[in-house]
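One structure is given below, encoded as structure tokens.
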Amino acid sequence: MNKERILVTSALPYANGPIHLGHLSGAYLPADIYVRYHRLKGNDIIYICGSDEHGVPITITADKEGVSPKVIIDRFHEMNKEAFEKFGMSFDIYSRTSLPLHHETAQKFFKSFYEQGLLTEKKTWQFYDPKAKKFLPDRYVEGTCPKCGYEEARGDECENCGAIYEPTELINPKSKITGETPELKETSHWYFSLGKFQKRLENYINEMAEKYGWKENVLQYCRSWFKEGLRDRAVTRDLDWGVKVPLKNAEGKVLYVWFEAVLGYISATQKLSLEKGEPELWRKYWQDEKTKYIAFIGKDNIVFHTIIFPAMLMAWNDANDDKFILPQNVPANEFLNFEGKKFSKSRGWGIDVIDFLEKFPPDPLRYTLGSNLPETKDTDFYLKEFQAKNNNELADILGNFVNRTFTFVQKHFDGKVPLMGTPAKIDKEMLQTISEFPGKVGRLIDSYKIRDAVNEMMNLARAGNKYFNDSAPWVTIKENKELAGTTLNICLQTIYTLAEIFEPVIPFTSKKIFKMLNANTVAWDEAGKPQLAENHPLDKGEILFTKIDDKVIDKMFEELGHTETTNEIDYEEFSKMELRTAKVISAEKIKKSEKLLRLRLDLGNEKRQVVAGVAKTYSPEDLIGKQIVIVANLKPAKLFGFESKGMILAAETKDGKFEVLELSENVPLGTRVK
């Protein structure tokens, strides 16, 4: 069988904070499982990642601490590298975009595009924070989305509805640096002609999707961008930290992070080649059509890896002989929430990987996350579920099967693999089951159904326990030792297969099992065949998983309760908000919006219109007649062409819907709520 050559990348994490559990479920653990599996298959595969180390967030953090940006990136690069290592990530290299090699690579791409006439200099008005004395990048302006009314939309893209717009279209913009209303100030930047590549990108994505089965969430994101029409996109920004724009008239400007960060995959592979003493090795992975390139990301990075990066590679290929391959697949995952809520650094909600691994070993975390990956929709990480996965599955199913088998063999067969007698029907069925699992699990991993693959792995451990119980060696050892020996031989062969197929998910445990078996891994496809010779001496058995006590989890909940914080305001600030009672007298859906309803409200002495994002919870007729509370003195805003004069109070549920706060009809309309 011909071996594949595969290039795998995971989105470069930003070096401005620690990696948390949500990050692992998006771009990292799925890729690591995929890579480890293909290494066991014997394929030529490299896994590339590193820190994204440029941009405004880093300079802001540095300014707050009174240090240079390099201090910040050095701190978080090392912290995240350590967290990844402890978690068991098997990168071939974990590089950095602050390296001179990366700067040179990014500047080469810029120069090529400039010489091709793909970069146009335009004067533009951009938000400027006079208090911070900084131009504001799009993501550091926050306001109300002009399309759906989401109030925490970023300057260029709404996380809630996926809409793309100009920063100047944002309603009620605020600087995320100072909270001030920014002003518009003229500057000039170079723009990449992304629209020129739309037809080619559509053809590329359609072809890849048809051949290799792209995920529907990825295709929907791409289609929404194509429907809007790809527009020129700024590739430079006003900043003193980053990759310098390689033009004489570009003082004080750097390459936009979205442009240069994805090129970090290439520069990291170049660095890996230099470290191996083969400077041109990287070309085999990036510039040979026989190489398969898979880009693992979270859904917030879809557009950069399916549209922008491929367009950049196309642009390079148009003018250069050393042509790059494009991603064959971009299996993006959705988001992982924590205890029913989004991870939030500002509210102190969630657990960083490095902190979690101080409390627990990595494999139970890898298994829990792997068995619940957000592959098709957002999922949640619950501490109680983590405890249950560790105790009820890893310990009671996998650990128990291994322990009872080893204990029995040590006691009755002198710690050696028993002889295989004539297999009965039950034995043949178990051998057949073992033989099928590597192929079954492998096909799921190759289809990026990694969550299903992880759950299938545990099914083999379940089958092993059932076989042990049904064969009852504690009975047959008294009557027919040869029969008991056959059972234990097959149990040990099952354990060998389990150690192999579980290696991509729980590598530290697999290593322990192989040590106990006094054996090494084989090629993945051979793992389903009996590998342990009769009379092969085993090493000493050990308990693989320690159960987690309720007290440990309860203590973590207590700690979480203390860490979740809110931004406090004084009474004077609160008193500026005018909350009044109102009655819904009419309601109707807004065309082209899945979330918005147009409400007509009676406040007693006046009637007004409010647009509210509650259509996923309520049909229009559900709200008519309800007495509610609104923020009555909010500045009017236009949403989907309708004026909205106020905001209704609602609480977000665990599934992301909103339930309106209702009052009894005893309270007169228009009453001030205090």
- Output the number of the condition that Thr120 fails; it satisfies all remaining conditions of (1) closer than 25 Å to Asp52 by Cβ; (2) hydroxyl-bearing (Ser, Thr, Tyr); (3) in contact (Cβ under 8 Å) with a residue 60 or more places away in the chain. (1)
- Give region 489-539 a look and list any residue that's touching a Lys or Arg at 6+ places or on another chain (Cβ under 9 Å), outside any helix (DSSP H, G or I) and of a type outside the set (Val, Ile, Thr), or say none. Glu503, Pro504, Ala523, Glu534, Asn535, His536, Pro537, Leu538, Asp539
- Give me a count of the residues in region 158-174 that are in a helix (DSSP H, G or I), surrounded by 17 or more Cβ atoms within 10 Å (Cβ to Cβ) and without any contact (Cβ under 8 Å) to a residue 40 or more places away in the chain. 0
- Can you name every residue in region 566-579 that is open to solvent by less than 60 Å² (accessible area, probe 1.4 Å) and either at pLDDT 80 or above or not in a helix (DSSP H, G or I) (or both)? Glu578, Leu579
- Query: Would you pick out the residues in region 196-226 that are open to solvent by less than 30 Å² (accessible area, probe 1.4 Å) and either aromatic (Phe, Trp, Tyr) or under 17 Å from Met312 (Cα atoms) (or both)?
  - Reply: Phe197, Leu201, Tyr204, Ile205, Trp214, Cys222, Trp225, Phe226
- Note on the structure: Picked from region 283-303 (must be part of a helix (DSSP H, G or I) and open to solvent by less than 20 Å² (accessible area, probe 1.4 Å)), the residue farthest from Val235 (Cα to Cα) is Tyr285
- Query: Exactly one of (1) assigned to a loop (DSSP other than H, G, I, E, B); (2) in contact with a helix residue (DSSP H, G or I) (Cβ under 9 Å, 6 or more places away or on another chain) is unmet by Asp414. Its number?
  - Reply: (2)
- Message: It is to be established whether one or more residues within region 357-369 are in a loop (DSSP other than H, G, I, E, B) and either at pLDDT below 95 or closer than 18 Å to Thr9 by Cβ (or both).
- Response: no
- Mind checking which residues of region 607-666 are in contact with a strand residue (DSSP E or B) (Cβ under 6 Å, 6 or more places away or on another chain), at pLDDT below 90 and either on the phi > 0 side of the Ramachandran plot or aromatic (Phe, Trp, Tyr) (or both)? Phe642, Phe658
- Return only the number of the condition from (1) outside any strand (DSSP E or B); (2) touching a residue at least 60 places away in the same chain (Cβ under 8 Å) that Asn337 does not satisfy. (1)
- Filter result for the condition that a residue is in contact with a helix residue (DSSP H, G or I) (Cβ under 7 Å, 6 or more places away or on another chain) and either open to solvent by less than 60 Å² (accessible area, probe 1.4 Å) or touching a residue at least 60 places away in the same chain (Cβ under 8 Å) (or both), over Ala472, Ala499: Ala499
- Query: Among Val614, Val610, which is surrounded by 18 or more Cβ atoms within 10 Å (Cβ to Cβ) and outside any strand (DSSP E or B)?
  - Reply: Val614
- Query: Just checking, which of Lys271, Lys290, Lys284 is in contact with a Leu (Cβ under 7 Å, 6 or more places away or on another chain) and either free of Cβ contacts under 8 Å to residues at least 12 places away in the same chain or at negative phi (or both)?
  - Reply: Lys271
- So Tyr128, is it part of a strand (DSSP E or B) and open to solvent by less than 30 Å² (accessible area, probe 1.4 Å): no
- Task: List the number of the failed condition for Leu373; all other conditions in (1) under 30 Å from Lys215 (Cα atoms); (2) assigned to a helix (DSSP H, G or I); (3) among the aliphatic types (A, V, I, L, M) hold.
- Result: (2)
- Message: Filter region 427-466 down to the residues that are over 27 Å from Thr376 (Cβ atoms) and either open to solvent by less than 60 Å² (accessible area, probe 1.4 Å) or in contact (Cβ under 8 Å) with a residue 60 or more places away in the chain (or both) and list them by number.
- Response: Asp427, Met430, Leu431, Thr433, Ile434, Ser435, Gly464, Asn465
- Item | Residue satisfying all of: in region 627-653; under 18 Å from Ala153 (Cβ atoms) and not in a strand (DSSP E or B); nearest to the chain's Cα centre (by Cα) among these | Phe640
- Message: I need every pair where a residue in region 378-391 that is part of a loop (DSSP other than H, G, I, E, B) has its Cβ under 6 Å from the Cβ of a residue that is surrounded by fewer than 20 Cβ atoms within 10 Å (Cβ to Cβ) and among the hydrophobic types (A, V, I, L, M, F, W, C), sequence separation at least 6 or different chains.
- Response: Asp378/Phe335
- Criterion (over 26 Å from the mean Cα position of the chain (by Cα) and among the hydroxyl-bearing types (Ser, Thr, Tyr)) met by exactly one of Ser273, Ser267: Ser273
- Note on the structure: Considering only helices (runs of 4 or more DSSP H) wholly within region 215-279, the ones with at least 1 residues that are modelled with pLDDT of 95 or more and of a type in the set (Ser, Thr, Tyr) are 264-275
- Item | Tally, over region 475-496, of residues that are open to solvent by less than 10 Å² (accessible area, probe 1.4 Å) and without any contact (Cβ under 8 Å) to a residue 40 or more places away in the chain | 1
- Look through region 337-393, keep the residues that are out of contact with any Lys or Arg (no Cβ under 9 Å at 6 or more places or on another chain) and among the basic types (Lys, Arg), and return whichever of them is least open to solvent (accessible area, probe 1.4 Å). Arg366
- Query: Counting just the residues of region 175-192 that are touching a helix residue (DSSP H, G or I) at 6+ places or on another chain (Cβ under 8 Å) and open to solvent by less than 50 Å² (accessible area, probe 1.4 Å), which one comes out farthest from Val56 (Cα to Cα)?
  - Reply: Phe192
- Any idea which residue in region 144-157 is nearest to the chain's Cα centre (by Cα), counting only those that are touching a residue at least 24 places away in the same chain (Cβ under 8 Å) and under 25 Å from Leu219 (Cβ atoms)? Tyr150
- Query: Pairs, please: C-beta under 6 Å, at least 6 apart or cross-chain, first residue part of a helix (DSSP H, G or I) and in region 540-565, second modelled with pLDDT of 90 or more?
  - Reply: Ile553/Leu383; Ile553/Gln387; Met556/Leu383
- Item | Conditions (1) over 16 Å from the mean Cα position of the chain (by Cα); (2) farther than 14 Å from Leu24 by Cα: number failed by Thr376 | (1)
- Item | Candidates Asn320, Asn329, Asn333 - the one that is of a type outside the set (A, V, I, L, M, F, W, C) and open to solvent by 10 Å² or more (accessible area, probe 1.4 Å) | Asn320
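The values are calculated or read from the model by the stated rules, or taken from the named source; none is laboratory data. The structure displayed is predicted, hence computed values, not measured ones. No Cβ is skipped: glycine too gets one built from the backbone with ideal geometry, and neighbour counts run over all protein chains shown. Ligands, DNA and RNA are excluded from the accessible area calculation, which covers all protein heavy atoms including side chains. Shrake-Rupley method; radii C 1.70, N 1.55, O 1.52, S 1.80 Å.
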